[in-house]
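Any read-out appearing in this document is the output of simple, stated calculations on the displayed coordinates, not a laboratory observation. Note that the coordinates shown come from a computational prediction; the quantities given were computed from them, not determined experimentally. For neighbour counting, all protein chains shown are included, and Cβ atoms are generated from backbone atoms with ideal geometry for every residue, glycine included.
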Ligand SMILES: [Zn+2]
């Protein structure tokens with residue numbers, strides 16, 4: 001079978017359409033993972049409501065704005 005230019009263009013366009021949902025799923029997965037990782041480290045101070053990131057794994061974290069001790073909340077996974 002001979003590949004004509006019209007067939008080649010047709011296959012190329014159909015292949016591009018097939019790639020769009022694949023890339024969107026990959027992009028969404030990576031975005032959700034990044035967001036979950038950021039939320040896991042986020043602490044909101046119980047006194048001044050200052051939101052900050054704390055990457056240590058200690059249970060008590062100190063607020064950088066007011067110095068209050070905050071207990072890290074345990075987040076349960078959805079699902
Ligand atoms: Zn605070």
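May I ask you to verify whether residue 38 is touching a residue at least 12 places away in the same chain (Cβ under 8 Å) and either in a helix (DSSP H, G or I) or loosely packed, with under 10 Cβ neighbours inside 10 Å (or both)?
Numbers: touching a residue at least 12 places away in the same chain (Cβ under 8 Å): yes; either in a helix (DSSP H, G or I) or loosely packed, with under 10 Cβ neighbours inside 10 Å (or both): yes.
Yes.
If the condition is being within 16 Å of the ligand (Cβ to nearest atom) and without any contact (Cβ under 8 Å) to a residue 12 or more places away in the chain, then the stretch 45-72 contributes 49, 51, 62, 67, 69.
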